[in-house]
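> Quick one: structure below, then a few questions.
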Amino acid sequence: MEFSEETQFEPDFYENGIIRPESICKLLSELNFNEIIIDLERDSYSQDKWRKHFPVVALLKLLAVKSFRRQSYLQVVTSLTDEECRLLSLPYDPETKSYLRPSKSTLHYFASSRVGKNGVIKLMKFLAEKIMRLIPNGEGIIDSTPLEASRYSKCSKFNPHYKIYMDKAHIFHYENSVLFMEFSNATEHDEKHSYSLLKSVEEIKPNITKFSLDAGYKSFDTHGDAWYILGVHPIITLPENATYHEEATSKKIDELVNKMWKKGGDVHSKMQDKLRFLYENGHKKIVGKYLRNKNMDNPEFNKKLKSRSNCERKHAHIKKTVKFDVKGYQEDNREFNVLLNFVAFQILDLARIQSGMEKSRFSRYY
């Protein structure tokens, strides 16, 4: 393993002035996510007792190693040391006194066919819930990041903003971790993915204390959806031509609610109850306009937006930690491989949280 001069290690990993990094398998050995293994075992393999297979937990950890080391299926299985096999809980054969390693085809078939896209999405949800339970209160952010493609790519589109051939990942961040991701092509509008990301997060019942998005998610519908689904006032970057909407003032909200009294509108109820009533009765845009008006009136609004810059650092960190682009992928497996690498980062991040590391400093590992 080669290390550049920019590689940063913790002081504990120096011995007599010599760097002594540890295998990423050491961190993964401390990972506990056995709950989902039962489901994957049932969904991926026959329940016939005579059919033997590699432990699912070991194969999932091995996929995380592959993504972290940016290796091929062949490279990752042939480069494992006996100690790493032990750390990953691969089976040991007492007769040959050696660890059994899966073949490259076994590992590839496990990822692409036994787990597959649906299994990866299910695993993503499980890991998101597991991470969120370890961080019970936090700030949520939705942002997108480019997934760079080869400049000779015939399937990825050219994005005029980033000036590269690329696809795009839409990510829901939670504090210093990531919960969900959706894949799109380079020119697809960010807004198409905000609602589904919000609904995914809603399913794991988070306690979001603050929520923000960038200007790519600026519509009134997204304002209303974020407020209604997460229960917090969304902080969304204002467009340069943002205007104050008089039809969404408190007075106009009361007038509209009063007109709908036959449906249960109560002008004397709390504002949040009136907004919820309007949202549920086809006036999502009015709710969104009211929320954006409030942001424009808030003198602290720009200050609250500053935390969103953490997303760019997190995106860069993901790309330094695992393979997070679409270079080398064929058209029909781009989305699956990106999702798989995203889940690999989640696995590493969960291991990091469970081990007590406050920050995602994976540079200490090889």
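> Condition first: touching a Phe, Trp or Tyr at 6+ places or on another chain (Cβ under 8 Å) and not small (Gly, Ala, Ser). Now tell me which residues in the stretch 269-279 satisfy that. Before you say what the answer is, go through the steps one by one.
The initial filter retains those residues of the stretch 269-279 that are touching a Phe, Trp or Tyr at 6+ places or on another chain (Cβ under 8 Å), namely 269, 275-276, 279.
275, 276, 279, listed by residue number.
> Within the stretch 295-314, can one find any residue that is over 29 Å from the mean Cα position of the chain (by Cα) and loosely packed, with under 12 Cβ neighbours inside 10 Å? Don't jump to the end; show me each part of the working.
Restricting attention to the stretch 295-314, the residues satisfying the condition of being over 29 Å from the mean Cα position of the chain (by Cα) are 296-299.
In the following step, the residues that additionally are loosely packed, with under 12 Cβ neighbours inside 10 Å were identified as 297, 299.
Looking through the stretch 295-314, at least one residue is over 29 Å from the mean Cα position of the chain (by Cα) and loosely packed, with under 12 Cβ neighbours inside 10 Å.
> OK, next. For the stretch 38-85, enumerate the residues that are open to solvent by less than 20 Å² (accessible area, probe 1.4 Å), modelled with pLDDT of 85 or more and hydroxyl-bearing (Ser, Thr, Tyr).
Scanning the stretch 38-85 gives a single hit, 67.
Condition check ((1) at pLDDT below 95; (2) in contact with a helix residue (DSSP H, G or I) (Cβ under 7 Å, 6 or more places away or on another chain)) across all residues:
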residue: 231; (1), (2): yes, no
residue: 242; (1), (2): yes, yes
residue: 277; (1), (2): no, yes
residue: 299; (1), (2): yes, no
residue: 308; (1), (2): yes, no
residue: 315; (1), (2): yes, no
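> Going by what's in this entry, would residue 242 be described as crowded, with 18+ Cβ neighbours inside 10 Å and closer than 29 Å to residue 175 by Cα?
Spelling it out, it is not the case that residue 242 is crowded, with 18+ Cβ neighbours inside 10 Å and closer than 29 Å to residue 175 by Cα.
> While we're on this one: Can you find a residue that is under 30 Å from residue 257 (Cβ atoms), in a helix (DSSP H, G or I) and open to solvent by less than 50 Å² (accessible area, probe 1.4 Å) anywhere in the stretch 341-350?
No, because not a single residue in the stretch 341-350 is under 30 Å from residue 257 (Cβ atoms), in a helix (DSSP H, G or I) and open to solvent by less than 50 Å² (accessible area, probe 1.4 Å).
> Further question: Which members of the stretch 255-284 meet the condition of being of a type outside the set (Lys, Arg), assigned to a helix (DSSP H, G or I) and surrounded by fewer than 16 Cβ atoms within 10 Å (Cβ to Cβ)?
Matches in the stretch 255-284: 255, 258, 261, 271, 272, 273, 280.
> Within the bounds of the stretch 319-327, is there any residue that is among the acidic types (Asp, Glu) and in a helix (DSSP H, G or I)? Steps first, answer last, please.
Of the stretch 319-327, the ones among the acidic types (Asp, Glu) are 325.
Now restrict to residues that are in a helix (DSSP H, G or I): none.
Looking for residues that are among the acidic types (Asp, Glu) and in a helix (DSSP H, G or I), one finds none in the stretch 319-327, hence no.
> Are any of the residues in the stretch 322-331 hydrophobic (A, V, I, L, M, F, W, C) and over 22 Å from residue 123 (Cα atoms)?
Of the residues in the stretch 322-331, the ones hydrophobic (A, V, I, L, M, F, W, C) are 322, 324, 326.
Checking the rest, the ones that are also over 22 Å from residue 123 (Cα atoms) come to none.
Checked the stretch 322-331: no residue is hydrophobic (A, V, I, L, M, F, W, C) and over 22 Å from residue 123 (Cα atoms).
> Can you name the condition, by its number, that residue 35 falls short on among (1) of a type in the set (Asp, Glu); (2) under 30 Å from residue 134 (Cβ atoms); (3) modelled with pLDDT of 95 or more?
Looking at each condition in turn, residue 35 falls short on (3).
> What do you reckon, is residue 108 out of contact with any strand residue (DSSP E or B) (no Cβ under 6 Å at 6 or more places or on another chain), free of Cβ contacts under 8 Å to residues at least 60 places away in the same chain, open to solvent by 50 Å² or more (accessible area, probe 1.4 Å) and under 30 Å from residue 197 (Cβ atoms)? Please lay out each step first, then the result.
Values: out of contact with any strand residue (DSSP E or B) (no Cβ under 6 Å at 6 or more places or on another chain): yes; free of Cβ contacts under 8 Å to residues at least 60 places away in the same chain: yes; open to solvent by 50 Å² or more (accessible area, probe 1.4 Å): yes; under 30 Å from residue 197 (Cβ atoms): yes.
Answer is yes for this residue.
> Kindly establish whether residue 93 is farther than 23 Å from residue 321 by Cα and at pLDDT below 95. Walk me through how you get there before you give the answer.
Details: farther than 23 Å from residue 321 by Cα: yes; at pLDDT below 95: yes.
Yes; evaluated as a whole, the condition is true for this residue.
The values are calculated or read from the model by the stated rules, or taken from the named source; none is laboratory data. Owing to the predicted nature of the structure, the values given are computational and were not obtained by experimental measurement. Cβ coordinates were reconstructed from backbone atoms using ideal geometry, including for glycine residues, and neighbour counts include every protein chain displayed. Accessible surface is based on the protein model in full, side chains and every heavy atom, while ligands, DNA and RNA are left aside. Shrake-Rupley method; radii C 1.70, N 1.55, O 1.52, S 1.80 Å.
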